[in-house]
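For reference, the structure discussed in these notes is given below.
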Amino acid sequence: MASSAYVSAARYGKDNVRVLKTDRDAATGVHTVTEMTVSCLLEGDIDVSYTKGDNSVVVATDSIKNTIFITAKQNPVNPPELFAAILGAHFIDTYSHIHAANVKVITHRWTRMTIRGKPHPHSFLRDGQETRNVEARVSRKDGIAITSGIEGLTVLKSTGSAFHGFVRDEFTTLPETWDRILSTDVDASWKWKPFANVQAVRDAVSKFNPAWEEAREITLTRFAEDESASVQNTMYKMCEQILAAVPDTELVIYSLPNKHFFELDLSWHKGIKNTGKDAEVYVPQSNPNGLIKCEVARGSPPNRGSHL
Ligand SMILES: O=c1[nH]c(=O)c2[nH]c(=O)[nH]c2[nH]1
């Protein structure tokens, strides 16, 4: 069929590759475990596989999966930023027609158990759905772009949050409040200044874990201590503080659902007081939810551009 269409963008690879790596310290008998879910999508001179059915340019997604396991065996998987960079670089170094690899590594929590008051050498627990995420785009032309983040960190505060002064018109029913429950699932990420190559990532290796710790600590401390005027204002303060604390970042991004807890009028039952200052029993809402996003960059406007 004659066609005036063309492939304007393409990437392919393996998604949801689950990997667990153990590290066993022979001297101390202390083990650590790292469980990851990895995605690796390739780009390059691959259009003929789509347009002509020519598979000679296709590194099979099964081979990509195998490469993820072998790379995990032969290299450190911590910090995940380095692992993602090494994995992505393998593909552009090995296949001349592959020009970029987009790697995402989701690291799941396995926190060491404390047993009889002591850290246990080889037992761990899943203390929450929070993950540490890394996205690395390793490209022949542009080097390595890395974004690190936290996802699924669920938090709630029972006071210290207000929301008033918003637009009131014929569409408004929400009352203003000076004291409400605030809850969200934190999705925060920070984009590093570009790295030229894997060696540059290796040179920065000591920065990744402290940045994650700082970002997590800032998120929790700000959330707890801020007298919040809104989700928007609280998240902006978090972004500003992370930019200040981690100098090698160029951008911080938050995406926060506003998980609503409705007050419940129980006055119909014997005049029970359960609203305003008497509110104790609330109704958690699963949907709909607010969704508030922002990206904060260094310097001053007009450098606006969106990664949201
Ligand atoms: O922090 C908030 N920001 C909003 O934009 C908003 N909108 C809303 O209904 N409640 C809230 N809360």
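Key figures for this structure:
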item: The lone exception for VAL198 - which of (1) more than 16 Å from the ligand (Cβ to nearest atom); (2) under 19 Å from ARG132 (Cα atoms); (3) open to solvent by less than 70 Å² (accessible area, probe 1.4 Å) it fails; result: (2)
item: Candidates LYS191, LYS259, LYS207, filtered to the one that is closer than 17 Å to ALA84 by Cβ, open to solvent by 20 Å² or more (accessible area, probe 1.4 Å), in contact (Cβ under 8 Å) with a residue 40 or more places away in the chain and touching a Ser or Thr at 6+ places or on another chain (Cβ under 7 Å); result: LYS191
item: Residue count, the range 210-230 (criterion: more than 16 Å from the ligand (Cβ to nearest atom) and either assigned to a loop (DSSP other than H, G, I, E, B) or surrounded by fewer than 16 Cβ atoms within 10 Å (Cβ to Cβ) (or both)); result: 7
item: Residue identified as buried (at least 16 other Cβ atoms within 10 Å of the Cβ) and out of contact with any helix residue (DSSP H, G or I) (no Cβ under 8 Å at 6 or more places or on another chain) among HIS90, HIS108; result: HIS108
item: Some residue of the range 231-241 being away from the ligand (no atom under 16 Å from the Cβ), open to solvent by 20 Å² or more (accessible area, probe 1.4 Å) and in a helix (DSSP H, G or I); result: yes
item: Test: residue in the range 267-282 that is within 16 Å of the ligand (Cβ to nearest atom) and modelled with pLDDT of 95 or more; result: yes
item: Check on PHE124, part of a strand (DSSP E or B) and either outside the structural domain of THR234 (by the TED database) or without any contact (Cβ under 8 Å) to a residue 24 or more places away in the chain (or both); result: yes
item: Residue check, LYS21 more than 22 Å from PHE124 (Cβ to Cβ), open to solvent by 20 Å² or more (accessible area, probe 1.4 Å) and in contact (Cβ under 8 Å) with a residue 40 or more places away in the chain; result: no
item: GLY160 being modelled with pLDDT of 95 or more and more than 16 Å from the ligand (Cβ to nearest atom); result: no
item: Search result, residues across the range 127-158 that are among the hydroxyl-bearing types (Ser, Thr, Tyr) and assigned to a loop (DSSP other than H, G, I, E, B); result: SER158
item: Odd one out for VAL134 among (1) away from the ligand (no atom under 15 Å from the Cβ); (2) touching a helix residue (DSSP H, G or I) at 6+ places or on another chain (Cβ under 8 Å); (3) not assigned by the TED database to the domain that holds ALA85; result: (3)
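Each row is one residue, and each column tells you yes or no for (1) assigned to a helix (DSSP H, G or I); (2) of a type in the set (Gly, Ala, Ser).
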{"residue": "LYS21", "(1), (2)": "no, no"}
{"residue": "VAL33", "(1), (2)": "no, no"}
{"residue": "CYS40", "(1), (2)": "no, no"}
{"residue": "SER49", "(1), (2)": "yes, yes"}
{"residue": "GLY53", "(1), (2)": "no, yes"}
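The values are calculated or read from the model by the stated rules, or taken from the named source; none is laboratory data. Being a predicted model, the structure only gives us computed values, none of them experimental. Using ideal geometry, Cβ is built from the backbone for each residue, glycine included, and neighbour counts are taken over all protein chains shown. Side chains are part of the model used for accessible areas, which takes the heavy atoms of the whole protein and leaves out ligands, DNA and RNA. Shrake-Rupley method; radii C 1.70, N 1.55, O 1.52, S 1.80 Å.
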